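All of the numbers you see were taken from the coordinates with simple rules; none came from a lab. Being a predicted model, the structure only gives us computed values, none of them experimental. Counting neighbours? That spans all protein chains shown, and the Cβs are built from the backbone with ideal geometry, glycine included.
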Amino acid sequence: MDLFGHINNVAYFKYAQSARVNYLEEVGINTADPENKHSFAVANSSCQFKAPLFFPGTIKIITTTDWIKNTSLQLSHKLYDQKNVLAAEILDVLVLFDYATQKKLLISDEIKSKIQG
């Protein structure tokens with residue numbers, strides 16, 4: 001937070017990270033399972049800041065999938081403040097990754113259908 005009560009721009013990415021982890025958990029990618037070395041790695045993340053967020057306040061994040069390819073997908077996060085004003089749009093490109101072998105993986109049809117469902 002800065003002197004004017006604005007939430008720091010780095011926090012927007014942290015909010016998107018929380019939304020991303022929740023979204024992936026819902027489609028069956030458990031990012032916290034130490035036995036499963038398959039997860040999505042962030043290949044790119046960008047943000048268009050639209051309006052400031054203030055403390056105290058609440059936010060709402062809506063996450064959708066823009067596209068899915070063989071090994072990657074793009075998520076869009078829209079962050080809204082407590083007055084339902086769009087504060088930011090964040091795009092994440094994720095790659096399915098095997099952390100044990102350090103290689104990209106194909107996204108299975110099962111995972112694709114859960115994401116598209």
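Points to keep in mind about this one:
- Lysines with Cα under 23 Å of Lys60, excluding same-chain neighbours fewer than 8 positions away: Lys14, Lys50, Lys78, Lys83, Lys114
- Environment charge of Cys47, counting only residues whose C-beta is closer than 14 Å and scoring Lys/Arg +1, Asp/Glu -1: +2
- Relative packing of 54-63, 6-15, which averages over residues the other C-beta atoms within 10 Å, highest first: 6-15, 54-63
- The angle separating the long axis of helix 9-26 from the principal Cα axis of greatest extent in the chain is about 40 degrees.
- Charge dipole (Cα centre; +1 on Lys/Arg Cβ, -1 on Asp/Glu Cβ; no other charges) of segment 56-117 amounts to roughly 20 debye.
- Positive-end residue of Leu73, Ala43, Leu53, charge dipole of the chain with Cβ unit charges: Leu53
- Between the entries [x] 104; [y] 114; [z] 87, the label attached to volume of the Cα convex hull per residue in Å³ calculated for this structure is [y].
- Mean Cα-pair separation over length for the chain, i.e. relative contact order, pairs under 8 Å, 6 or more apart, %: 27
- For the chain, adding -39500 (n - 2.57) for each run of n ≥ 4 DSSP H residues and dividing by the number of residues yields -7000 deg cm²/dmol at 222 nm.
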